[in-house]
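Enquirer: This structure is in structure tokens; I'll ask about it shortly.
The values are calculated or read from the model by the stated rules, or taken from the named source; none is laboratory data. Here the structure is a predicted model, which is why all the values come from computation and not from measurement. No Cβ is skipped: glycine too gets one built from the backbone with ideal geometry, and neighbour counts run over all protein chains shown.
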């Protein structure tokens, strides 16, 4: 593991910023590749967003989690995962506020499969909250039962989503509105740009961008841990804010890119799918942590982050179900509620 203890705070901040930049630049490409792949293969947008895009944009969280867990920074690892869930729902609200001003983002995502993704996510977060509250109940060869259960629940949720999207039981009614600025021309231009690239070539581009995101995430993790030590802020708050923010950059960049060329359902599924995978990453974190069971090392404040994640996810499901054409400060009412809840929750978490 890279040792940055001998470096100054300024250098570590510099490494953190450069790594974050690479994560952002690679992340902007991922949604385009996945959207083209879904169009060519017929893979559902929501499932592609939840599995492929969600998996790729979770690579920084994977790098951060493994690095922090292996070095014994259990709170940084756990709070990065749970804090990332809340942070990434806030990403949707920010996209709503600054990209689709005047019309709510959830108005353009009339897919019942997104509701299924969100419901599965809430169940996973609730299980994670129970694990934090109860602590590890039983270990098998040093690996706790809770992380295994969470990973199994995640895999099961993917199967449920895949089956449901293939044969949805109901469809939303009413106007399926288009955004105030047409994204079709942008998407058509993007498809024209890659028309000579084979599907195998798209997979190669996707793999390269994913690798850049993974390497950038590793440097974010290492430098973030050093910043926590050198500033004295503490692993819990740094993990839930600074590291969670930067490891959310792929979600921000891919969601922004997806919305720009009209893949609205994929944008929402990316965030919700990434958050589901965040919970599943407790298993590799447990395998990398060498000082006992990870859930035994987490503070009760981590359960507060999980509860906050359930609240903000529920707010967005409300928006998708209701699909009201009403805004507050240029964003949907649901997005405004998410940002207000996130700000208030972070203030409470800091006092804990």
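Enquirer: Restricting attention to segment 137-161, which residues are closer than 15 Å to residue 121 by Cβ and either buried (at least 16 other Cβ atoms within 10 Å of the Cβ) or over 21 Å from the mean Cα position of the chain (by Cα) (or both)?
Expert: Answer for segment 137-161, where residues must be closer than 15 Å to residue 121 by Cβ and either buried (at least 16 other Cβ atoms within 10 Å of the Cβ) or over 21 Å from the mean Cα position of the chain (by Cα) (or both): 150, 151, 153, 154, 157, 158, 161.
Enquirer: Suppose the filter is without any contact (Cβ under 8 Å) to a residue 12 or more places away in the chain and in contact with a helix residue (DSSP H, G or I) (Cβ under 6 Å, 6 or more places away or on another chain); does residue 328 pass it?
Expert: On the way: without any contact (Cβ under 8 Å) to a residue 12 or more places away in the chain: yes; in contact with a helix residue (DSSP H, G or I) (Cβ under 6 Å, 6 or more places away or on another chain): yes.
Yes; evaluated as a whole, the condition is true for this residue.
Enquirer: Return a yes/no flag: does segment 101-115 have any residue that is under 20 Å from residue 151 (Cα atoms), modelled with pLDDT of 80 or more and either under 13 Å from the mean Cα position of the chain (by Cα) or part of a helix (DSSP H, G or I) (or both). Write out each step before concluding.
Expert: Within segment 101-115, the first condition is being under 20 Å from residue 151 (Cα atoms), and the residues that meet it are none.
The answer is no; no qualifying residue exists.
Enquirer: Let me confirm something: among 91, 155, 160, 132, which residue is within 18 Å of residue 338 (Cα to Cα) and part of a helix (DSSP H, G or I)? Break it down stepwise before answering.
Expert: On the way: 155 fails: within 18 Å of residue 338 (Cα to Cα); 160 fails: within 18 Å of residue 338 (Cα to Cα); 132 fails: within 18 Å of residue 338 (Cα to Cα).
Selected residue: 91, the only one of 91, 155, 160, 132 that is within 18 Å of residue 338 (Cα to Cα) and part of a helix (DSSP H, G or I).
Enquirer: When you look at residue 62, is it in contact with a strand residue (DSSP E or B) (Cβ under 9 Å, 6 or more places away or on another chain) and either part of a helix (DSSP H, G or I) or buried (at least 22 other Cβ atoms within 10 Å of the Cβ) (or both), yes or no? Walk me through how you get there before you give the answer.
Expert: On the way: in contact with a strand residue (DSSP E or B) (Cβ under 9 Å, 6 or more places away or on another chain): no; either part of a helix (DSSP H, G or I) or buried (at least 22 other Cβ atoms within 10 Å of the Cβ) (or both): yes.
When the stated conditions are applied, residue 62 does not pass them.
Enquirer: Let me ask something else about it. For segment 262-275, check the following and say yes or no: at least one residue is surrounded by fewer than 22 Cβ atoms within 10 Å (Cβ to Cβ), closer than 18 Å to residue 125 by Cα and either touching a strand residue (DSSP E or B) at 6+ places or on another chain (Cβ under 9 Å) or at pLDDT 85 or above (or both).
Expert: no
Enquirer: Report the residue count in segment 327-341 for those that are at pLDDT 85 or above and crowded, with 17+ Cβ neighbours inside 10 Å. Walk me through it before giving the result.
Expert: Initially, segment 327-341 is screened for residues at pLDDT 85 or above, giving 333-341.
Remaining after also requiring crowded, with 17+ Cβ neighbours inside 10 Å: 333-339, 341.
Total satisfying the criteria: 8.
Enquirer: For residue 104, indicate whether it is in contact (Cβ under 8 Å) with a residue 24 or more places away in the chain, surrounded by 23 or more Cβ atoms within 10 Å (Cβ to Cβ) and touching a strand residue (DSSP E or B) at 6+ places or on another chain (Cβ under 6 Å).
Expert: On the way: in contact (Cβ under 8 Å) with a residue 24 or more places away in the chain: yes; surrounded by 23 or more Cβ atoms within 10 Å (Cβ to Cβ): yes; touching a strand residue (DSSP E or B) at 6+ places or on another chain (Cβ under 6 Å): yes.
Criteria met by residue 104.
Enquirer: Right, residue 78: within 21 Å of residue 61 (Cα to Cα) and not in a helix (DSSP H, G or I) or not? Break it down into steps so the answer makes sense when it comes.
Expert: Working: within 21 Å of residue 61 (Cα to Cα): yes; not in a helix (DSSP H, G or I): no.
No; evaluated as a whole, the condition is false for this residue.
Enquirer: Check segment 123-132 and report whether any residue there is surrounded by fewer than 21 Cβ atoms within 10 Å (Cβ to Cβ), farther than 16 Å from residue 302 by Cβ and touching a residue at least 24 places away in the same chain (Cβ under 8 Å).
Expert: Checking segment 123-132: at least one residue is surrounded by fewer than 21 Cβ atoms within 10 Å (Cβ to Cβ), farther than 16 Å from residue 302 by Cβ and touching a residue at least 24 places away in the same chain (Cβ under 8 Å).
One line per residue, one yes/no per condition, for (1) assigned to a helix (DSSP H, G or I); (2) surrounded by 22 or more Cβ atoms within 10 Å (Cβ to Cβ); (3) touching a strand residue (DSSP E or B) at 6+ places or on another chain (Cβ under 8 Å):
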{"position": "290", "(1), (2), (3)": "no, no, no"}
{"position": "304", "(1), (2), (3)": "yes, no, no"}
{"position": "309", "(1), (2), (3)": "yes, yes, no"}
{"position": "343", "(1), (2), (3)": "yes, no, no"}
{"position": "348", "(1), (2), (3)": "yes, no, no"}
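Enquirer: Of 19, 68, 56, which residue is in contact with a helix residue (DSSP H, G or I) (Cβ under 9 Å, 6 or more places away or on another chain), modelled with pLDDT of 80 or more, crowded, with 24+ Cβ neighbours inside 10 Å and assigned to a helix (DSSP H, G or I)?
Expert: Working: 68 fails: modelled with pLDDT of 80 or more; 56 fails: modelled with pLDDT of 80 or more.
Among 19, 68, 56, only 19 is in contact with a helix residue (DSSP H, G or I) (Cβ under 9 Å, 6 or more places away or on another chain), modelled with pLDDT of 80 or more, crowded, with 24+ Cβ neighbours inside 10 Å and assigned to a helix (DSSP H, G or I).
Enquirer: Output the residue which, of all residues in segment 214-241 that are over 14 Å from the mean Cα position of the chain (by Cα) and at pLDDT below 65, is nearest to residue 301 (Cα to Cα).
Expert: Out of the qualifying residues, it is 236.
Enquirer: Another one. Kindly indicate whether residue 36 is at pLDDT below 70, within 14 Å of residue 257 (Cβ to Cβ) and surrounded by 16 or more Cβ atoms within 10 Å (Cβ to Cβ).
Expert: no
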